[in-house]
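These notes concern the structure reproduced below.
The values are calculated or read from the model by the stated rules, or taken from the named source; none is laboratory data. This structure is a prediction, so every number in the text was calculated from the model and none was measured. No Cβ is skipped: glycine too gets one built from the backbone with ideal geometry, and neighbour counts run over all protein chains shown. Surface accessibility is based on the protein's heavy atoms, side chains included, excluding ligands, DNA and RNA. Shrake-Rupley method; radii C 1.70, N 1.55, O 1.52, S 1.80 Å.
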Amino acid sequence: MNLALQLQRSGLAARNAPAVAVGTQVQFTYGQLADRAARIAGGLRGELGLVPGDRVALVMRNCAEYLELLYACWHAGLVAVPVNAKLHTSEFAYILGNSGASLCFTTPDLTAAVVDSAVLAESRVITIGTAAYASLLEARPIDVTAVSPQDAAWMFYTSGTTGKPKGAVLTHRNLLAMSWCYFADVDQQSPWRSMLHLAPMSHGSGLYALPHVMQASCHVIPESAAFEAAEAFALIRHWPASVFFAAPTMVKRLLDHPADTDTRQLKTIIYGGGPMYVDDSLAALDRFGPKLAQLYGQGESPMTITALSARMHAERDHSRWLERLASVGIAQSAVEVRIRSDGDWLAQGEVGEVVVRGDTVMQGYWQQAEESAETLRDGWLHTGDYGCLDAEGFLTLKDRAKDLIISGGNNIYPREVEEVLVSHADVAEVSVIGRPDREWGESVVAYVVAARGRHPDPAALDRYCLERIARYKRPRYYRFIEQLPKNNYGKVLKTRLRELDTAAESAAQQADTTEP
Ligand code: AMP
């Protein structure tokens, strides 16, 4: 079942429904979008001579043409390689070279950077809106290419909070299963909707475009092609029944915006991709009403490991409502989720590595047999995330294995300490790391961004922690910084923070020894 058939189906059944808009202006209907994808597919296979299985990179900001290119690739039996537009030129070159993409589409603002990278990687570049692009649209449409469920559809480059990004090979079957889970577990189908692409379409927003093409929602691209809270609220006001995917940091930025904006038309904010602190979930529920749903996934099982549905968010009377809000919900319906440690299965409540198997799990990493075998051991995807399951199947994530702090022989999960500190009125953001310590193995350091106009006092924060968590978990050191280092998806780079901490520490020691 080729994913491209979904667009052709909507092109027939919802021919005149708006398919793509930029800002408030509709650009194409579903009939037009399906036709454009079929023509571009014809051009890719005919004029450009690509053959099924070839990789095509999309180094583009969110734009009206994003979806037609994704679907054109699938229509022609090609593999799309969506690349985060905010990466560095050298990272573009790495991904183009690693994926072996013979062709790369780009938006005009990125052409210069992409051309430099493509020269290194020997890919041909076509910029949206040029004559070369127009000629693809004039090609003769072709039939959807037959594929097998195991054929690659999307090569998802992991966000790489450590090391070089790896290309998770996602098949047509993986993405179909993801789309069905969206309706079964995250956000139920409804007659008509708009999907706002406020987050990069190379990642969660683009993946969740698929179920929305299935049900013929209108895809709305912000004019800024980026995330700006004021623009997001204007689009929410304009478009009926809107849904969007947001990283937790984006939800926080929406909450920081003045509260007088009308969100009655908003249907669902789907958040995930990083930890959301309970305090922020509560603030979002107060502000937007019961319109939140959470997913936990990773590139290796896209958007699909567990979900905390809108209904679960809304059940305020439930005796374990707050506990559930702190969790990432229950296994999505296409996957099995268990907890493992050193090859043993752990019981309820025990913390170990989250492992997953099912129809959404990737085939492996592109041309990385060793890494693939390591990650897909014994038929299970080893996520590298630590967590535990409760008696009702709710998964609570602790931290990435490598972020765990071991101090005086005790395991300390940074997330637990961060949950406490972020609920303090003087704290806007916090990230907790371990610092090597001769006596304790590691000691806990909290990097704190102060709330606007506030001056957090370490002694007060220490008292606050003592009242709420075990003594050994509280930070021994506080460092105050303007902003936390984050990657292009807004995820805090703990590796970078540890490096900064080490550098600051050795500079301080240097100063100590050189003082008279
Ligand atoms: P990526 O492959 O770039 O999407 O990153 C996936 C990683 O983000 C996961 O392995 C988790 O560590 C983290 N993550 C994703 N969703 C959530 C969530 N809902 N809560 C906490 N962490 C999450």
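Table for the structure above
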{"item": "Some residue of the range 337-348 being within 13 Å of the ligand (Cβ to nearest atom) and touching a strand residue (DSSP E or B) at 6+ places or on another chain (Cβ under 8 Å)", "result": "yes"}
{"item": "Residue within the range 196-213 that is within 16 Å of the ligand (Cβ to nearest atom), assigned to a strand (DSSP E or B) and either under 26 Å from Arg237 (Cβ atoms) or not aromatic (Phe, Trp, Tyr) (or both) present", "result": "no"}
{"item": "Residue list for the range 272-292, filter: of a type in the set (Gly, Ala, Ser), within 13 Å of the ligand (Cβ to nearest atom) and open to solvent by 20 Å² or more (accessible area, probe 1.4 Å)", "result": "Gly273, Gly274"}
{"item": "Residue count, the range 68-96 (criterion: closer than 16 Å to Phe156 by Cα and not aromatic (Phe, Trp, Tyr))", "result": "17"}
{"item": "Residues of the range 119-133 classified as in a loop (DSSP other than H, G, I, E, B) and more than 15 Å from Glu91 (Cα to Cα), total", "result": "3"}
{"item": "Residues being of a type in the set (Val, Ile, Thr) and closer than 18 Å to Leu175 by Cα - total across the range 338-364", "result": "3"}
{"item": "Condition check for Ile433: surrounded by fewer than 20 Cβ atoms within 10 Å (Cβ to Cβ), β-branched (Val, Ile, Thr) and in contact (Cβ under 8 Å) with a residue 24 or more places away in the chain", "result": "no"}
{"item": "Test for Lys267: is it more than 10 Å from the ligand (Cβ to nearest atom), in a strand (DSSP E or B) and of a type in the set (D, E, K, R)", "result": "yes"}
{"item": "Any hit, the range 305-323, residues being surrounded by 15 or more Cβ atoms within 10 Å (Cβ to Cβ), within 11 Å of the ligand (Cβ to nearest atom) and closer than 14 Å to Asp385 by Cβ", "result": "yes"}
{"item": "Residue in the range 371-381 that is more than 17 Å from Ser301 (Cα to Cα), within 15 Å of the ligand (Cβ to nearest atom) and either touching a residue at least 60 places away in the same chain (Cβ under 8 Å) or open to solvent by 30 Å² or more (accessible area, probe 1.4 Å) (or both) present", "result": "no"}
{"item": "Some residue of the range 293-303 being away from the ligand (no atom under 16 Å from the Cβ) and not polar (S, T, N, Q)", "result": "no"}
{"item": "From the options Ser443, Ser431, residue that is among the small types (Gly, Ala, Ser) and either assigned by TED's automatic domain parsing to the domain that holds Leu346 or within 16 Å of the ligand (Cβ to nearest atom) (or both)", "result": "Ser431"}
